[in-house]
Amino acid sequence: MRVLIVGGGGREHAIAWKVAKSPKVERIYCAPGNAGIAQVAECVDIGVMEFDRLVEFAKEKKVDLTVVAPDDPLAAGAVDAFEAAGLRAFGPRKNAAILEGSKAFSKDLMKKYGIPTAAYETFDSADKALAYLETADMPIVLKADGLALGKGVLICSTLEEAKDGVRSLMLDKQFGSAGNRIVIEEFMTGREVSVLSFVDGRTIRMMTSAQDHKRAKDGDQGLNTGGMGTFSPSPFYTEEIDAFCREHIYQPTVDAMRAEGREFKGVIFFGLMLTDKGPRVLEYNARFGDPETQVVLPRMRNDLVDVLEACIDGTLDQVELEFEDNAAVCVVLASEGYPEHYEKGYKISGLEKFSDEDGYYVFHAGTKSDQNEDVITNGGRVLGVTALGGSLKEARANAYQAAEWVEFENKYMRGDIGKAIEEA
Ligand code: AMP
Ligand code: GLY
């Protein structure tokens, strides 16, 4: 089989690495890819939003399966474009990717089908939103309706902050048209857990749990980022919580999407808050998480290609997912200054020390090869160092040890990824 992966970050590297393990796969392409992905795939210089070129490429290379990984192309209908050309693609169609693409849609869906989530109101006008805030309890959460690189969520502790937030989202258009409409929702407290799943339209199969660390600095301080590190499984995600979520959240979401005429095929990522009143949905994503994928796929026993195909074919009921009884921790190595200003172009050393046979992985996020074939930094998040271990504690020690193998100028990482585990 020939497989094309659309995307070029750490998540796509983990997907490409896992796809390469499948004995069915003879060739992997990745658009646009990065220097790490180039070790397992042929990278092609086509952007993730260039649907015509992607489809043309897939036809020319006789690609059997395309995996669309990032949110923007999914929300814009990349899978529909491949299907219209008679090609097989993994991921939700545009009418289902709206589960992530519109927070107002997902909140209304949960309300309509009784799926537990924070109480909320939706606003199309800044005046009405501002008036509503006068009567609301603080802290409160503001969310841009549309996609905003994971940054369209503001947690406001005072009325003044909340009003400024509404103005910057709706009037100053901080995230462009994503803020034409906003959701204002109740602030919840608790542990956050990410649970990814495969869905074939009807059947849902849960992957093992994980937890992300979204803030830039230790102790969950600093700005929100794309994710600074993850661990899997989450010790806070107990069997009891899992049973509740299966009954009240997971299958009901899949059934709700089908009932709405928006059959979902692909990955649903459930962002959960474990509150003292039980689990609540914080958000849905319509794709693999980044960097959750970097700790979930190394623990998965199944042939990923079989599972992706079962989702497309609607035969997921015949698949059982299996995960190793171990743990994984991923520490993101970033460029100092991320997510704001940072420099790129520094040579990276130490990458040769990693061997997946020993349970050490280095997934590239923002890297490229220069003229001398050296790997250089090319983004805010540069690498994700993942290590396995018999326990979370062991995996954490291994990941931090491996993070020291890699050197580049301005290297920055959090020191407390998975620290919560030791308190569990
Ligand atoms: P989202 O993009 O919806 O996942 O939001 C980003 C982050 O904001 C989440 O991971 C939470 O940490 C936080 N967040 C979102 N909604 C709420 C809420 N209702 N209460 C508390 N924190 C929230
Ligand atoms: N790690 C969170 C996300 O992928 O959106």
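A short reminder: the numbers here are calculations on the coordinates, not readings from a lab. On a predicted model such as this, the values are computed, not experimentally measured, just so you know. We place every Cβ from the backbone using ideal geometry, glycine too, and count neighbours over all the protein chains shown.
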Exercise. Which whole-number percent of Cα pairs in segment 160-233 have a distance greater than 21 Å?
Worked result: 54 percent
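Counting alpha carbon pairs within less than 8 Å and at least 6 residues apart, what relative contact order, in whole percent, applies to the chain? Please report the intermediate quantities before stating the final value.
Details: 987 pairs, mean separation 68.6, N = 424.
Averaging sequence separation for qualifying contacts and normalising by length gives 16 percent for the chain.
Which value in Å does the Kirkwood hydrodynamic radius of the chain take, with 1/r averaged over all unlike C-alpha pairs and then inverted?
Details: mean 1/r = 0.0458 Å⁻¹.
Final number for the Kirkwood radius of the chain is 21.9 Å.
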For this session: Per DSSP H run of at least 4 residues, take -39500 (n - 2.57); add these up for the chain, divide by its residues and hand me the 222 nm value, nearest 500 deg cm²/dmol.
Result: -7500 deg cm²/dmol
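Within 10 Å of each residue's Cβ, count the other Cβ atoms and sort HIS248, HIS341, HIS13, HIS364 from fewest upward.
Numbers: HIS248 17, HIS341 9, HIS13 33, HIS364 28.
Neighbour counts put them in this order, fewest first: HIS341, HIS248, HIS364, HIS13.
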Exercise. For segment 289-424, what number results from the quotient of the Cα radius of gyration and 2.2 N^0.38 Å?
Worked result: 1.18
For this session: Assign one of three labels to segment 34-81, namely rounded, prolate or oblate, based on the Cα gyration tensor with a ≥ b ≥ c the square roots of its eigenvalues; rounded applies when a/c is under 1.5, prolate when it is not and a/b is larger than b/c, and oblate otherwise.
Result: oblate
Exercise. So, in Å, what gap is there between the alpha-carbon centers of segment 177-213 and segment 234-287?
Worked result: 7 Å
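Between LYS21 and GLU320, take the C-beta separation as r, use R0 = 22 Å, and let me know the FRET efficiency to the nearest 0.05. Display every interim value, and only then the final one.
Numbers: r = 18 Å, r/R0 = 0.82.
Using R0 = 22 Å, I get an efficiency of 0.75.
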Exercise. So what is the relative contact order for segment 185-343, in percent, with contacts set as C-alpha pairs under 8 Å and at least six apart?
Worked result: 31 percent
Exercise. Length gain on complete extension for the stretch ASP358 to ASP218, per 0.36 nm per residue less the alpha carbon to alpha carbon distance?
Worked result: 47.6 nm
Exercise. Restricting attention to the alpha-carbon atoms of segment 1-65, what are Rg (one decimal) and Dmax (integer), both in Å?
Worked result: 10.7, 30
Problem set entry | Alpha-carbon centroid distance for the pair segment 350-376 / segment 72-136, whole angstrom | 36 Å
Exercise. Which order do peptides 228-236, 109-117 fall in by mean Cβ count within 10 Å, highest first?
Worked result: 228-236, 109-117
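Expected output is a single nm value to one decimal: the length gained when fully extending between MET49 and THR158, i.e. 0.36 nm times separation in residues minus the C-alpha distance. What is it?
On the way: separation 109, 0.36 × 109 = 39.24 nm, distance 3.88 nm.
Full extension of this stretch gives 35.4 nm more.
I need to check one value: relative contact order of segment 335-395, counting alpha carbon pairs closer than 8 Å and at least 6 residues apart, in percent. Please list the in-between numbers first.
Details: 91 pairs, mean separation 21.7, N = 61.
After rounding, I find 36 percent.
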Problem set entry | Förster-model FRET efficiency, 41 Å R0, GLU407 and LYS59, C-beta, rounded to 0.05 | 0.45
For this session: Between ASP313 and ALA126, with labels modelled 7 Å along Cα→Cβ, what's the label distance in nm to one decimal, could you check?
Result: 5.4 nm
